[in-house]
Amino acid sequence: MKVVVCVKQIPDPALPGELDPSTNYLKRDDKLILDESDSYGVEMALQLVEGAGGGEVSLVSMAPNNEVSGLRTALAMGAEDAILVSDNALAGSDALGTARVLAAAISRLSPDLVLAGVESSDGYTGTVPEMIAGVLDIPSITFAKQIEIDGNTVKVQRQTEAGYDDVECQTPALVSVTAGVVEPRYPSFKGIMAAKKKPVEELDLSALGLDESSVGQSGARQETVRVTEAEERQAGEVIEDEGDAHEKIVEFLGELKIV
Amino acid sequence: MNFSASEDHEAIREGVRRVCAQFPDEYWREKDEQHEFPWDFYQAMADGGWVGIAIPEEFGGGGQGITEASIVLEEVAASGAAMNGCSAIHLSIFGMEPVRKYGSPELANEILPKVADGSLHAAFGVTEPDAGTDTTSIRTRAERDGDEYVITGAKVWTTKAPYCDVCLLLVRTTPKELCDGPTQGMTLLLVDLKDPSVDITPIPKVGRNAVVSCEVRYDGLRVPVSRRVGEEGEGFRYILDGLNPERILISAEALGIGRAALRKAVDYANDRVIFGRPIGQNQGLAFPLADSHARLHAAELVIREASWRYDSGLDCGAQANLAKYLASEAAFECADRAMQTHGGFGYAKEYDVERYWRESRLMKIAPVSQEMVLNYVSNKVLGLPRSY
C-alpha cells in the first residue's frame, strides 16, 4: 500500500508573523516548520501502513526557497521519502493553484490513498484537499476520525457535529484527517538521524509539466484585497456585588443561553 | 573558529523540546511536591532514544558524544524540568561508561542495551558518610570469598536507588594502609540493588524531590567476580575517567535551569505592571537579568569548548572544571534574580522559580563543590601549591 501525505511547511506560529504589504500574504522567508495539523495525517498514514504490515508513506509539499525543515520532521516520524515543489513562479498561488501543483506531484507517485490535514494553520482556506481530489478526479472524504483500508475500499468514520458517519469509497481516494484524532509520534533520535539521509526530490514547475499561467500570482483567481486589524475586544462588564451579583451572573449566562 | 551550531545539534534540541513540551511546569511542580519519580517522562525520553544517546550503536544506543548528551540534558533542564528531569535520566546517559570502557564484553552486552532502551535503571555508589571529595578514604569493603566478593559498608547520595536494578559501586578490596598509594586498592563492581542484604533509606532534602537520593547499606551482599568492572584495584582510575564528562553534563544542566529561570523572569518583568509600567522597564530589575544572560552565555561557551575537547580526545580537565564553576554560579544567581524579579510571588510555588532556585543551588555542591573546583584551578591550572 502506498500512502501519500500532503504536508505544508509554515512559519513557526510561536514567532510573530509578518505580512508582505505588496501581496498581503504571510512572509515565508525564514525557516518553516511542519504544520501541526498535517502531523495528524502523517501519523494516520504511518498507522495505516503499520497496520497493513507493509507499505510506504511518501510526502508532497510546496514551499519557497527549497525549504525542507518541516519535511525532515515528518520524515523523522517515519515517512520514507518526499517530493518538494519549489519555484519562484509559485509565489502568490491561491488554493486552486496550490492544488494543481500538489496534484501533479502526487500523480507521479500513483498512491492508493492521499491524506491531508483538514486545513492549514496559516492559510485556513480548508479547500485545498478537495481541490486536489478534483484535479486528480478521485473521490474525496473529509473530516476523517478513523480510516480503514479493506482491499480496494477505504472506510472512513467521518466526523459530524452529532457524531460520525460511516462512509466508504474506492481507492485511490483522498481523505482529509481531522486534527487531534490520533496522537502524532515524537520523532526519535534515530528517526531524526535517519531522516537526514531520506530522499527528498526537489522539482520545479517545468519538471511537473505545469504552465506558469495556471499557478502562482498569474494563475490566481483569488486576491487578498485588504487586511485590517481585528477589532480589540471590549472591556467586560464589572459587577459590584451588593448581594445580588449571583443573580446578575445567572441572568448574563442566560442571555448567552449557557444556562 | 566556527561557532555555528550544526544541523544535527539543532535537530537534537528540537527533538528533545518536542518530548519535553508534553511535560510542562505543572507536571514537575506536582512530581516535586508528591515526591514521585517521573516515570512517564522517563519512558518518553527512553522511547525517543534520548536516554541512550551516548551509548555506542553496537549496544543499541545513539553513538553520540558528550556534546550531544550535554545538549539533551540542557534542553531537558531548560524546558522547566530542571534537575527533576535531568536526574531521572542523567546516570543512564553516561554513568555506565566504565562498563563499556573497562567491563568484560559479556557484562557490556548484558547491561548496556538495557540501559540504552531504558529498561534497566542503574545507580552509582561512590560517596560515603565519611568520604566525599576524599574518595580514597572510602570504607565500604569487598572481601573475596571464592568466586564472589562479600560487600559490607554504606554509601550516601545514591540517586534513584529504590528504582535501580544495579549499582556501579566503588569498594575497597585492599585496605588503604596496605597499598603503595591511597588511590590503589579500590575496585568497581556492578552490584544487585534488589538483594535483601541491601538496605535503602531516602534522604530528605531541600529540592529535586521527584528523584530520591539515598543512604544505602550493604550488609554482606555477595557479588560474583564476573560482575567486576575491569581489574581489581583499578577502580579509582576508572572513576577518574568519568569526572570530566560528569562535570560537563552537570554544567549543561545548570545552564538549562538558568535559561528556564531567565525566561520566566523576563516574561514576568514584561507582563507585571506596577506604577503604570512593566517592572522590566526599571533598570534595577533589567540589569541583573541582562547580566545573568551574559554570564550564562559565557558559561555556555566554556561548556561547548570542554565537550568539544572531550569528544576530540583532548585533555579537558581545566575546561570541564571551569564550565562547572561558571555554569553553577550563573544558574543559581539567575534563579535567585528570577525570584527577586517575581517579588513575593517568586516565593510561591505556582511560579516555579523557587523550584529552579532550590534545584540550581545543588549544582554549587554536587558532584563536586565550587571550592574543590577552585582548588583544582589553583593547583592544576595556575600552578599554585596544593592546599590539601
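Go through the residues of the range B:292-305 one by one and say whether even a single one is more than 30 Å from B:MET96 (Cβ to Cβ), among the hydroxyl-bearing types (Ser, Thr, Tyr), out of contact with any strand residue (DSSP E or B) (no Cβ under 7 Å at 6 or more places or on another chain) and assigned to a helix (DSSP H, G or I).
Yes, the range B:292-305 contains at least one residue that is more than 30 Å from B:MET96 (Cβ to Cβ), among the hydroxyl-bearing types (Ser, Thr, Tyr), out of contact with any strand residue (DSSP E or B) (no Cβ under 7 Å at 6 or more places or on another chain) and assigned to a helix (DSSP H, G or I).
In the range B:32-45, how many residues are surrounded by fewer than 19 Cβ atoms within 10 Å (Cβ to Cβ) and within 14 Å of chain A (Cβ to nearest Cβ)?
The number of residues fulfilling the criteria is 2.
Which of the residues belonging to the range B:170-200 are on the phi < 0 side of the Ramachandran plot and in contact with a Cys (Cβ under 6 Å, 6 or more places away or on another chain)? Steps first, please.
Within the range B:170-200, the first condition is being on the phi < 0 side of the Ramachandran plot, and the residues that meet it are B:170-184, B:186-200.
Result: B:VAL191, B:LEU193, B:ILE200.
Could you list, ordered by first residue, the pairs with Cβ atoms under 6 Å in which the first is in the range A:121-145 and of a type in the set (Val, Ile, Thr) and the second is part of a loop (DSSP other than H, G, I, E, B), at least 6 apart or interchain?
A:ILE138/A:PRO172
Can you tell me how many residues within the range B:1-18 are of a type in the set (A, V, I, L, M, F, W, C) and within 14 Å of chain A (Cβ to nearest Cβ)?
Kept after step one, since they are of a type in the set (A, V, I, L, M, F, W, C), are these residues of the range B:1-18: B:1, B:3, B:5, B:11-12, B:16.
Checking the rest, the ones that are also within 14 Å of chain A (Cβ to nearest Cβ) come to B:5, B:11-12, B:16.
Final tally of qualifying residues: 4.
Could you look through the range A:1-27, keep only residues that are within 18 Å of A:ASN66 (Cβ to Cβ) and basic (Lys, Arg), and pick out the one that is modelled with the lowest pLDDT?
The qualifying residue modelled with the lowest pLDDT is A:LYS27.
Any idea which of B:LYS380, B:LYS364 is basic (Lys, Arg), assigned to a helix (DSSP H, G or I) and farther than 16 Å from B:PRO245 by Cα?
B:LYS380
Taking the condition of being within 20 Å of the chain's Cα centre (by Cα), outside any loop (DSSP other than H, G, I, E, B) and of a type in the set (A, V, I, L, M, F, W, C), how many residues in the range B:112-144 meet it?
7
Take the residues of the range B:47-57 that are buried (at least 19 other Cβ atoms within 10 Å of the Cβ) and more than 9 Å from chain A (Cβ to nearest Cβ): which is farthest from A:LYS31 (Cα to Cα)? Steps first, please.
Of all residues in the range B:47-57, those buried (at least 19 other Cβ atoms within 10 Å of the Cβ) come to B:48-55.
Then keep just the ones that are more than 9 Å from chain A (Cβ to nearest Cβ); that gives B:51, B:54-55.
Details: B:VAL51: 28, B:ALA54: 29, B:ILE55: 32 Å.
Among residues in the range B:47-57 that are buried (at least 19 other Cβ atoms within 10 Å of the Cβ) and more than 9 Å from chain A (Cβ to nearest Cβ), the one farthest from A:LYS31 (Cα to Cα) is B:ILE55.
Please tell me if B:ARG355 is touching an Asp or Glu at 6+ places or on another chain (Cβ under 7 Å), of a type outside the set (A, V, I, L, M, F, W, C) and either part of a helix (DSSP H, G or I) or surrounded by fewer than 18 Cβ atoms within 10 Å (Cβ to Cβ) (or both).
Here the answer is yes, as B:ARG355 does meet what is asked.
Which residues, counting only those in the range A:37-73, are in contact (Cβ under 8 Å) with a residue 24 or more places away in the chain, surrounded by fewer than 20 Cβ atoms within 10 Å (Cβ to Cβ), part of a helix (DSSP H, G or I) and not small (Gly, Ala, Ser)?
Those that are in contact (Cβ under 8 Å) with a residue 24 or more places away in the chain, surrounded by fewer than 20 Cβ atoms within 10 Å (Cβ to Cβ), part of a helix (DSSP H, G or I) and not small (Gly, Ala, Ser): A:GLN47, A:PRO64, A:ASN65, A:ASN66.
Counting just the residues of the range A:195-209 that are more than 14 Å from every other protein chain (Cβ to nearest Cβ) and out of contact with any strand residue (DSSP E or B) (no Cβ under 9 Å at 6 or more places or on another chain), which one comes out nearest to A:VAL135 (Cα to Cα)?
Across the range A:195-209, the extreme among qualifying residues is A:GLY209.
For residues that are surrounded by fewer than 17 Cβ atoms within 10 Å (Cβ to Cβ) and closer than 17 Å to B:ARG259 by Cβ, scanning just the range B:19-31, find the one that is farthest from the other protein chains (Cβ to nearest Cβ).
Among those that are surrounded by fewer than 17 Cβ atoms within 10 Å (Cβ to Cβ) and closer than 17 Å to B:ARG259 by Cβ, it is B:PRO24.
Per-residue answers, yes or no, for (1) within 29 Å of A:GLY92 (Cβ to Cβ); (2) within 14 Å of chain B (Cβ to nearest Cβ); (3) free of Cβ contacts under 8 Å to residues at least 60 places away in the same chain; (4) not in a loop (DSSP other than H, G, I, E, B):
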site: A:CYS169; (1), (2), (3), (4): no, no, yes, yes
site: A:GLY180; (1), (2), (3), (4): no, no, no, no
site: A:LYS190; (1), (2), (3), (4): no, yes, yes, yes
site: A:MET193; (1), (2), (3), (4): no, yes, yes, yes
site: A:GLN217; (1), (2), (3), (4): yes, no, no, yes
site: A:GLN222; (1), (2), (3), (4): yes, no, no, no
site: A:GLY236; (1), (2), (3), (4): no, no, yes, no
site: A:GLU242; (1), (2), (3), (4): no, no, yes, no
site: A:LEU253; (1), (2), (3), (4): no, no, yes, yes
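Here's the yes/no breakdown for (1) crowded, with 16+ Cβ neighbours inside 10 Å; (2) more than 21 Å from the chain's Cα centre (by Cα):
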{"position": "B:VAL156", "(1), (2)": "yes, no"}
{"position": "B:PRO175", "(1), (2)": "no, yes"}
{"position": "B:LEU189", "(1), (2)": "yes, no"}
{"position": "B:LYS194", "(1), (2)": "no, yes"}
{"position": "B:LYS205", "(1), (2)": "no, no"}
{"position": "B:ASN209", "(1), (2)": "yes, no"}
{"position": "B:VAL225", "(1), (2)": "no, yes"}
{"position": "B:GLY230", "(1), (2)": "yes, yes"}
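The values are calculated or read from the model by the stated rules, or taken from the named source; none is laboratory data. This is a predicted model, so every value here is computed, not measured. Positions of Cβ are backbone-derived with ideal geometry, glycine not excepted, and every protein chain shown enters the neighbour counts.
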